[in-house]
1. Is at least one residue of the stretch 230-249 of a type outside the set (Ser, Thr, Tyr), part of a helix (DSSP H, G or I), touching a His at 6+ places or on another chain (Cβ under 9 Å) and surrounded by 14 or more Cβ atoms within 10 Å (Cβ to Cβ)?
2. Over 29 Å from residue 432 (Cα atoms), part of a loop (DSSP other than H, G, I, E, B), touching a residue at least 60 places away in the same chain (Cβ under 8 Å) and assigned by TED's automatic domain parsing to the domain that holds residue 11, is that true of residue 255?
3. Return yes when residue 137 is surrounded by 18 or more Cβ atoms within 10 Å (Cβ to Cβ), within 26 Å of residue 266 (Cβ to Cβ) and without any contact (Cβ under 8 Å) to a residue 60 or more places away in the chain and no when it is not.
4. Just name the residue that is surrounded by the most Cβ atoms within 10 Å (Cβ to Cβ) out of those in the stretch 325-368 that are polar (S, T, N, Q) and without any contact (Cβ under 8 Å) to a residue 60 or more places away in the chain.
5. I'd like to check something: does the stretch 280-288 contain any residue that is within 24 Å of the chain's Cα centre (by Cα) and either under 30 Å from residue 114 (Cβ atoms) or among the hydrophobic types (A, V, I, L, M, F, W, C) (or both)?
6. Does the stretch 1-30 hold any residues that are surrounded by fewer than 22 Cβ atoms within 10 Å (Cβ to Cβ) and closer than 17 Å to residue 121 by Cβ, and which are they?
7. If I ask for residues that are buried (at least 16 other Cβ atoms within 10 Å of the Cβ) and either aliphatic (A, V, I, L, M) or closer than 17 Å to residue 321 by Cβ (or both), which ones from the stretch 404-424 would you list?
8. Does residue 460 satisfy the condition of being touching a residue at least 24 places away in the same chain (Cβ under 8 Å), closer than 30 Å to residue 96 by Cβ, over 23 Å from the mean Cα position of the chain (by Cα) and outside the structural domain of residue 306 (by TED's automatic domain parsing)?
Amino acid sequence: MRILLVSHRYPPRHTAGTEVYTADLAAGLAERGHEVTVFATEKDIAREHLSLGEREHAGVRVVELVNNLHYDTFEETWRYPAAEEAFAGALERLRPELVHFQHLMYLSAGCLERAARAGAAIAYTLHDFWFTCPRFGQRVHLDGSLCEEVDLDRCVGCTLGSPFAQSALERRVAGWVAAVRGATGMDLGPAVRRLGGKLRGAADGGVGEGGTEVGGGHDDETLAARRALLAERRETLLSAGIRWVDRFLSPSRFLRERLIEWGLPAERTLHLATGADLDLFGSGSRTPRGPRLRVAFIGTLIPLKGPHLLLEAWGLLGADCRARAELELCGSDRHEPEYQARLAASAARVGAHMRGPLERRDVAERLRSTDLLVVPSLWFENSPLVILEAFAAGTPLLVSDRGGMTELVEPGSGGEHFRMGDARDLAAKLEHFITSPQSLAALGQRPPRLPSRADHIDELVGLYEQLLTERGRGGER
């Protein structure tokens, strides 16, 4: 089967859950003899905007579109004809029988129609709330509170208060950065991005459309125009999904229910648990517990993942309690430099350790040597990969009590909950486990049953074959 997987980002530079899942899926499909290609985007100001390149990752062909976010209008964040044209060219060359979309961010809703008109069957895995939330699909307000119900009037303020395009500085110096890299091999892009982020942070709430500062109030005409665009976005994404996607797949029941409430057809929106790589995470023996309880955070070090909340809770523990445990934070620090500096200062103040990112092969070993993994996320989450991997490794969990996290972690079965965003409640739970470590032994021995990644991919292949059969019958979209 010729299969095209489509993702907004891809390893090795990007290793969040969606990207890792897509890479594992690509490898698993290739191992089963399928002809697999990945189409993804990359932001790289040292390369020409909208240029296409090819590379290989773990034996899989990757077609990469450079999207440096040169958006002239907010509408281009979901309907971007230039990205559609690049995608259509790849479809023509690759001629996939099935296209499995993982994300459309940095691409365009029109890619669904392009794939369908190229004759491919279409599956779409829902990894977050991007369809319903124009602010990165996170369902979190600017003040950090959860978006319990999508309200277009409130979406107006969220989107006007968030930058959506590349900074003016990055646009001006992109050509110079490319020339320097070409002549010397030195990539100044990361430094320019950091500087651009600082300049945006110094602005009054960020940079909006056309380089306009969006801090402060807006006139009625601006607010009405943005609301109309948001209504158009909803209609565009919903109608495209209903018309062109053969099956939507949701790793959690929680996300499935939210997207059906939004308007996706229940009969074509399936719950399909993703599972974990049991060969990698379920093999090997756990490191025996030492004199100090080993507590860890593993994930991307960004505010919504809550590492600062964990450090705050750690600081609330008494010195004697902290002396009986150790805390390590493992994750990439390449996002939001000012936030990283605050995390490092907090960690030093409370005696925690910042260990940096882990290579994929090292995550399993770190989990097997961790007594308690904390997942303090401040958004709903879907089906966090690190939770599934912790289950496979037999590592007890302490997770925020909302969304897909509570669906996976039932109290007493592999882990416990704490109140989302509540540092004092988190500290109380940490203190309990530190002072009564024997309570963790039972949790580690009772993880929930979960499918293996191999079983998950086999189930997907069966679905792919079913969709191709339906296409062969001339099924109407």
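1. The first filter runs over the stretch 230-249 and keeps only residues of a type outside the set (Ser, Thr, Tyr), leaving 230-235, 237-238, 240-249.
Then drop every residue that is not part of a helix (DSSP H, G or I), which leaves 230-235, 237-238, 240-244.
Keeping just the survivors that are touching a His at 6+ places or on another chain (Cβ under 9 Å) gives none.
No.
2. Numbers: over 29 Å from residue 432 (Cα atoms): yes; part of a loop (DSSP other than H, G, I, E, B): no; touching a residue at least 60 places away in the same chain (Cβ under 8 Å): yes; assigned by TED's automatic domain parsing to the domain that holds residue 11: yes.
Judged against the criteria, residue 255 is not a match.
3. Values: surrounded by 18 or more Cβ atoms within 10 Å (Cβ to Cβ): yes; within 26 Å of residue 266 (Cβ to Cβ): yes; without any contact (Cβ under 8 Å) to a residue 60 or more places away in the chain: yes.
Against the criterion (surrounded by 18 or more Cβ atoms within 10 Å (Cβ to Cβ), within 26 Å of residue 266 (Cβ to Cβ) and without any contact (Cβ under 8 Å) to a residue 60 or more places away in the chain), residue 137 qualifies.
4. If we filter the stretch 325-368 for residues that are polar (S, T, N, Q), which is where we start, we get 332, 340, 346.
In the following step, the residues that additionally are without any contact (Cβ under 8 Å) to a residue 60 or more places away in the chain were identified as 340, 346.
Details: 340: 17, 346: 19.
The qualifying residue surrounded by the most Cβ atoms within 10 Å (Cβ to Cβ) is 346.
5. Narrowing the stretch 280-288 to residues within 24 Å of the chain's Cα centre (by Cα): 280-282.
If we keep only those that are either under 30 Å from residue 114 (Cβ atoms) or among the hydrophobic types (A, V, I, L, M, F, W, C) (or both) too, we end up with 280-281.
The answer is yes; a qualifying residue exists.
6. 1, 2, 29
7. Matches in the stretch 404-424: 405, 408, 409, 418, 420, 423.
8. no
The values are calculated or read from the model by the stated rules, or taken from the named source; none is laboratory data. This one's a predicted model, so the numbers in the text were calculated from it and none came from an experiment. Counting neighbours? That spans all protein chains shown, and the Cβs are built from the backbone with ideal geometry, glycine included.
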